[in-house]
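Read the structure below first, then the notes.
The values are calculated or read from the model by the stated rules, or taken from the named source; none is laboratory data. Remember, predicted model here, so these are calculated numbers, not experimental data. Because the Cβ atoms are built from the backbone with ideal geometry, glycine has one as well, and the counts that use them run over all protein chains shown.
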Amino acid sequence: MTIFQLFLFFFRISAVTFGGGIVILGMVKLGIADRKDISDTEFSDMLSLAASVPGPLAVSISWLLGRYYRGLKGSVAAVAGAVLPPFLIILILSPIILKYSGTTEVQGFFKGVLAGTGAIITMVVFDNVRSTLSCEWWNIVPFVIVIALIGVFGINPLLSMLAAFLVQLIRERLALR
Amino acid sequence: MKVLLELAFSFAQIAVGAFGGGLSTLPLIEYQLVKATGWLTSSQFGQVLALSQVTPGPIAINAATFVGFQQAGIPGSIVSTLSIVIVPVLILCAVSCVLKKLEAEKSRKFKDMLRPIVAGLLTLSLVSPLTVTVKNGVMTMAMLVIGILLMRTCKFFKNYPPLLLVIYGIIGAVIFS
């Protein structure tokens, strides 16, 4: 892919992908499935790395794929393509929303969307938590630690995640013995 | 200038902890934007969440662009969005620098250790939309329950959740005004 093609590839995917996350990885996978210039293993290594670092998956996968094809310039073009559509759309909507957020129509719209969002998140959480807790009994420990520290004690999520991860590391060490 | 630095710092902190992508980032975003800085009220946070679900792109980028604009206009939205993009890119570069090749086994283990932590964050991401929806009244609570049933029974809505959200938004705008 040329630099411009990289930009366009991610621009197109990003403009029609709602919610980000795993969905965007699936779209990228579909988009390069027919290409001969990248192998399955190379791409799955990228996916694996993208999912191992923090930050939006759209950013990490576009950076890695851009670098694979065209080095640093490719990375910048791909990330720009991935970030511009959501950025521009929110930039256009922000002043409108801020101006009309007091009207009952806009508030009603958001109330409705939020109710639906609650339904979607409930489904996602249910599936995710069930599979996470059922694959390994120990998982309940860091799970509860994170919820208790953030949800009950109101501690900074970054510190809470760090604490839970330390517990995971200690357990890992003990298990190796 | 001060507010731009604050925006950059807040979104950098969100980016650093944004493992798992998508909804599991919500507790970090809520902590930074509602609790630590007071830039959003709980109901405004609900609006930002709702907005991010009916627009393309990851919620972290949507929230950065919106709150950046709300706090400091176009420069604010640029700084915030760049912050949420550059921090993950730097981490990605650092990781690729240190590890010439990501060992599949180690990466898998790391993700396994993160998994229950991400599940905990996901569970916490439910708190805000559920409490705001309950506060919004019986109608929105009913919509939430119906939404779950719809997604469980109707393949169409399960595959295209944004469509459910737009319909819900229109219903909300009609019945609440």
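For residue B:115, the criteria (1) surrounded by 21 or more Cβ atoms within 10 Å (Cβ to Cβ); (2) more than 8 Å from every other protein chain (Cβ to nearest Cβ); (3) not polar (S, T, N, Q) hold in every case but one, which is (2). Just one of the numbered conditions (1) of a type outside the set (D, E, K, R); (2) more than 26 Å from residue A:116 (Cα to Cα); (3) more than 9 Å from chain A (Cβ to nearest Cβ) is not true of residue B:85: (3).
Tell me whether segment A:13-32 contains one or more residues that are among the charged types (D, E, K, R), at the interface with chain B (Cβ under 7 Å from one of its Cβ atoms) and surrounded by fewer than 16 Cβ atoms within 10 Å (Cβ to Cβ). Looking through segment A:13-32, none of the residues is among the charged types (D, E, K, R), at the interface with chain B (Cβ under 7 Å from one of its Cβ atoms) and surrounded by fewer than 16 Cβ atoms within 10 Å (Cβ to Cβ). Among the residues of segment A:36-66, which ones are more than 27 Å from residue B:26 (Cα to Cα) and crowded, with 20+ Cβ neighbours inside 10 Å? A:66, the sole residue that qualifies.
Against the test of being of a type in the set (Gly, Ala, Ser) and either assigned by TED's automatic domain parsing to the domain that holds residue B:160 or at pLDDT below 95 (or both), the options B:18, B:72 yield a single qualifying residue, B:18.
Let's see how each residue does on (1) at the interface with chain A (Cβ under 9 Å from one of its Cβ atoms); (2) over 29 Å from residue A:119 (Cβ atoms); (3) among the polar types (S, T, N, Q):
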residue: B:1; (1), (2), (3): no, yes, no
residue: B:7; (1), (2), (3): no, yes, no
residue: B:55; (1), (2), (3): yes, no, yes
residue: B:74; (1), (2), (3): yes, yes, no
residue: B:104; (1), (2), (3): yes, yes, no
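Within segment A:155-163, does at least one residue satisfy the condition of being in contact with a Phe, Trp or Tyr (Cβ under 7 Å, 6 or more places away or on another chain), modelled with pLDDT under 95 and part of a helix (DSSP H, G or I)? Looking for residues that are in contact with a Phe, Trp or Tyr (Cβ under 7 Å, 6 or more places away or on another chain), modelled with pLDDT under 95 and part of a helix (DSSP H, G or I), one finds none in segment A:155-163, hence no. For segment B:77-177, the helices (runs of 4 or more DSSP H) that sit wholly inside it and include 3 or more residues that are over 21 Å from residue B:34 (Cα atoms) are B:104-125, B:138-153, B:155-159, B:161-175. Counting only residues that are facing another protein chain (nearest Cβ under 8 Å) and more than 21 Å from the chain's Cα centre (by Cα), segment B:152-166 holds 1 of them. Scanning segment B:119-151 for residues that are at the interface with chain A (Cβ under 8 Å from one of its Cβ atoms) and within 16 Å of the chain's Cα centre (by Cα) yields B:119, B:120, B:121, B:122, B:123, B:124, B:125, B:126, B:127, B:129, B:130, B:132.
Residue B:132 falls short on exactly one of the conditions (1) on the phi > 0 side of the Ramachandran plot; (2) in contact with a helix residue (DSSP H, G or I) (Cβ under 8 Å, 6 or more places away or on another chain), and that condition is (1). Considering segment B:31-78, the residues that are more than 22 Å from residue A:60 (Cβ to Cβ) and of a type in the set (S, T, N, Q) include one that is surrounded by the fewest Cβ atoms within 10 Å (Cβ to Cβ), namely B:41. Taken over segment A:46-88, the criterion of being under 14 Å from the mean Cα position of the chain (by Cα), in contact (Cβ under 8 Å) with a residue 40 or more places away in the chain, farther than 15 Å from residue A:1 by Cα and more than 7 Å from every other protein chain (Cβ to nearest Cβ) is satisfied by A:82 alone.
When the criteria are applied in full, residue B:19 meets the requirement of being touching a helix residue (DSSP H, G or I) at 6+ places or on another chain (Cβ under 6 Å) and assigned to a loop (DSSP other than H, G, I, E, B).
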